[in-house]
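The values are calculated or read from the model by the stated rules, or taken from the named source; none is laboratory data. Everything quoted here is computed from the prediction, not taken from an experiment. So basically every Cβ, Gly included, is an ideal-geometry build from the backbone, and we count neighbours across all protein chains shown. Accessible surface areas use protein heavy atoms only, side chains included; no ligands, DNA or RNA. Shrake-Rupley method; radii C 1.70, N 1.55, O 1.52, S 1.80 Å.
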Amino acid sequence: MLSRKEFLKGASATAGIAALASIGLGRKTAAEETVAYADSIAWNAEYDAVIVGFGGAGAIAAIELADAGLDVVVLEKAPYGHEGGNTRYCSQRFLHVAEEDRDKMVTYMKNVRGLYENMDDEVIDFLVDGFTKTTAYYEKLGGVAYELKHDPEFPTFEGSDIVTKCYTMNNGGKGFWPVIRAAAIERSDHIHIWYESPAQRLIQDPYHKTILGVTIHREEGDYHIRAKRGVILACGGFEANNRMVEDYLQLPYAIPLGSPYNTGDGITMALEAGADLWHMSALSGPFLEFQNPNTTIPFRQLMGTLSYSSLKDTSAIIVGADGTRFVNETVGLKHGHVMFHGLYIRVPISLPAWAIFDEKARLLKPLYRVWSQGMEKELEKGWILKADTLEELAETIGVPAENLVAQIERYNAYCESGVDEECGRPAEYLTAFTDGPYYALPLVPAMINTQGGPTRNIECEVLDPRGNAIPRLYSAGELGSFYSSIYQGAGNLAECMVTGWKAAEKILANEDYKPETISLAAAEKAEQIDFAMKDEEFEAGEDEYIGVGYGIGRIVVKVRMDGDKIGSIQYLELNDTLGICDPAVTAIPAAIIESQSTTVDAVSGATRTSQGIIDAVNDALSKLKG
Ligand SMILES: Cc1cc2nc3c(=O)[nH]c(=O)nc-3n(C[C@H](O)[C@H](O)[C@H](O)COP(=O)(O)OP(=O)(O)OC[C@H]3O[C@@H](n4cnc5c(N)ncnc54)[C@H](O)[C@@H]3O)c2cc1C
């Protein structure tokens, strides 16, 4: 229980009390009477823990808690059958590290981290230690390791010789997500999964900042779910939130290759609760793909997926808004990254982007494996645009015709010489354009997943901007992932396991929440303080006059008259930039005194200061005349 004195020490007291007052608890005034915010909420349900998001990370945390005997509610935004977030769409591979390779993997991960040091050594140790347990855990839940394959994304990095992924996809229903999902469903005595129950906001004690529960919104209304031991945010990234894509990824638009339900809600909720954000610009992607108008997700594997580009073997290029190429169409993107002068960066993209190809390419093979031979059906549907000449095609897609024509001429010359001087497409993939008709396929940036979100530490506690843990709030999975720059494939699912385990461990270590109280007396208004500064006023003595001018800042001078002559000029206040204004500071008063006039030349390089001093002296002299 807080005494009034202790309470008043709290900087955010007023905010806390305002919230309490608004829920009608401020009636009594006795100084030591206390009240608990948690008791003021009309709770609709209560569980040991609340997990937001039924994807890989949320499911794993739930399984751990259930196995320890806790009752957990998993709040899922998607309807039944569409749960699973990116985990359900993903390629189902996770990192596996043999115990004896741990140190090598640490070295490799440090190389993957590169210059981004907020993925610090502690984080890497934490992750890699977890990676040594992933396959055994998956098998414990009923999975069968389909294939353990040496598969580093950056083979030139030291340590890459041990990077291993556990492939689980083509494995008779034993893919990662089906196994994890089934394990969660099997534990329905302890795990309650609520579909179509999007979390809207965290319920937070406004003074102590403790997270007490979650408000969800269902068609019928809002419900407040109490978490006795804590809340885990595991609701994925912001791939499907175009506003956040624009704000954080410097892309005007992009579409997710995975879940349409990952709209960054965890970021909004965490921000409201006072969390800091990190890794907001880190993402896997973008690739350039055709957006299937009939689904929420695009077709995959046109350009840049790790080992496959259908543009490789044919006369097809990608152009941007000005009708010119900006990328090696056959490059093996490292989850969206390319080598740029010795540093991996996200592949630069011009938009709108188009795949351009000729008749020969159309007949060779469909750009997507699932498309019709000759892409006749896709032409019929209007997905692919056709024109007899390049000029007409340029007009159809709205790029400058002269640029497109000149681009194809240059590209054909590279095919002849075997050297792509613009984008470095390898000689074996340089196939020249021949006769029309010509075709254009619109492309959009498509993302695997984002890594940004609320900052967390290796305890999976969500942190505020000062690095303090927000009490009883944890995160797991790709929401606020530890990955901050380039990324080793299969690292996200492995992280889902490692963070899901840790967040669950933290909840298990918590005792049931006992409502924290504050003193009602704290509602009394705090004493008004005012740090506002006023311009200093200076006093003039006999034959002295004060004047004010403005150079870069305020300049105040005292002019002392010697009879009817200017005797001296003294600075009372001068805030211009030292090192720049200095010549004017000495030269201007000297010139004024010598000439007995304020019509003096400004000092070059310090003209604003010069004028400010002159104005200040004029201001002082005007008082003499007045
Ligand atoms: C095409 C593709 C291939 C990939 N391949 C791999 C791979 O092979 N290996 C790998 O490691 N990673 C891969 N990834 C990345 C990986 O899938 C994700 O990073 C990982 O699955 C994220 O898991 P998660 O549990 O954090 O989030 P998710 O699995 O996305 O789950 C988040 C859940 O939260 C729900 N949700 C969102 N908002 C709310 C809300 N307000 N209230 C309640 N619920 C909410 C969502 O509906 C979703 O079910 C791939 C991704 C894609 C798209």
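For the range 460-591, the convex hull spanned by the alpha carbon atoms encloses 216 Å³ per residue. In order along the range 246-260, the Karplus-derived 3J(HN,Hα) couplings, from 6.51 cos²θ - 1.76 cosθ + 1.60 at θ = phi - 60°, round to 5, 5, 9, 10, 6, 10, x, 6, 6, 10, x, 7, x, 5, x Hz, and Gly and Pro are given as x.
For the range 94-225, the Cα gyration tensor yields ellipsoid semi-axes of 36, 24, 12 Å (square root of five times each eigenvalue, largest first, whole Å).
Per residue, the chain exposes 45 Å² of solvent-accessible protein surface, assessed with a 1.4 angstrom probe and all protein chains in place. The range 194-215 and the range 486-510 have Cα centres separated by 21 Å.
When each of the peptides 316-323, 56-63, 535-542 is scored by how many other beta carbons lie within 10 Å of its residues on average, the order from highest to lowest is 56-63, 316-323, 535-542.
In order along the range 607-614, phi translates into HN-Hα couplings of 5, 5, 5, 3, 5, x, 5, 4 Hz, rounded to whole numbers, per the Karplus curve 6.51 cos²θ - 1.76 cosθ + 1.60 with θ = phi - 60° and x for Gly and Pro.
Each peptide in 393-403, 80-90 gets a packing score, the mean of other Cβ atoms within 10 Å over its residues, and the list from highest to lowest is 80-90, 393-403. Kindly state, to the nearest 0.05, the FRET efficiency for Val370 paired with Lys149, given R0 = 22 Å and r defined as their beta-carbon distance. In this case the efficiency is close to 0.30. For the chain, what is the percent of antiparallel DSSP beta bridges, rounded to the nearest 5? Restricted to the chain, the bridges split so that about 75 percent are antiparallel.
When the alpha carbon coordinates of the chain are projected onto the principal axes, the ranges are 103, 78, 52 Å, largest first. For the range 286-447, the equivalent ellipsoid built from the Cα gyration tensor has semi-axes of 22, 20, 15 Å, listed from largest to smallest. A cut-off of 5 Å between modelled amide H atoms, ignoring neighbours fewer than 5 places along the same chain, links Asn449 with Ser284. Fully extending the segment from Asp582 to Glu416, taken as 0.36 nm per residue of separation minus the present Cα-Cα distance, adds 53.3 nm.
Taken about its Cα centre, the chain carries a charge dipole of roughly 1440 debye when the Cβ of each Lys and Arg holds +1 and the Cβ of each Asp and Glu holds -1. One equal scatterer on each Cα of the range 37-157, no solvent, Debye formula: the resulting log10 I(q)/I(0) at q = 0.11, 0.22 Å⁻¹ is -0.56, -1.33. Looking only at the range 218-250, which residues have a backbone nitrogen under 19 Å from a spot 7 Å from the Cα of Leu271 in the C-beta direction? Within reach of a label on Leu271, which here means backbone N under 19 Å from a point 7 Å along Cα→Cβ, the range 218-250 contributes 233-250.
For the range 101-108, backbone phi angles converted through the Karplus equation (6.51, -1.76, 1.60; θ = phi - 60°) give residue-by-residue couplings of 9, 3, 5, 5, 5, 4, 4, 4 Hz, Gly and Pro being listed as x. Placing R0 at 60 angstrom, the Cβ-Cβ distance between Asp322 and Glu573 gives a FRET efficiency of 0.65 after rounding to 0.05.
Placing a pseudo-label 7 Å from each Cα along the Cα-to-Cβ vector at Glu428 and Gln250 gives an inter-label distance of 3.4 nm. Inter-label distance, Glu100 to Leu379: 5.9 nm, where each label sits 7 Å from its Cα along the C-beta direction.
On the beta carbon distance between Leu141 and Asn510, with R0 = 30 Å, the FRET formula returns roughly 0.75. In the chain, the DSSP-assigned H stretches of four residues or longer account for a calculated mean residue ellipticity at 222 nm of -8500 deg cm²/dmol, using -39500 (n - 2.57) per stretch and the full residue count as denominator.
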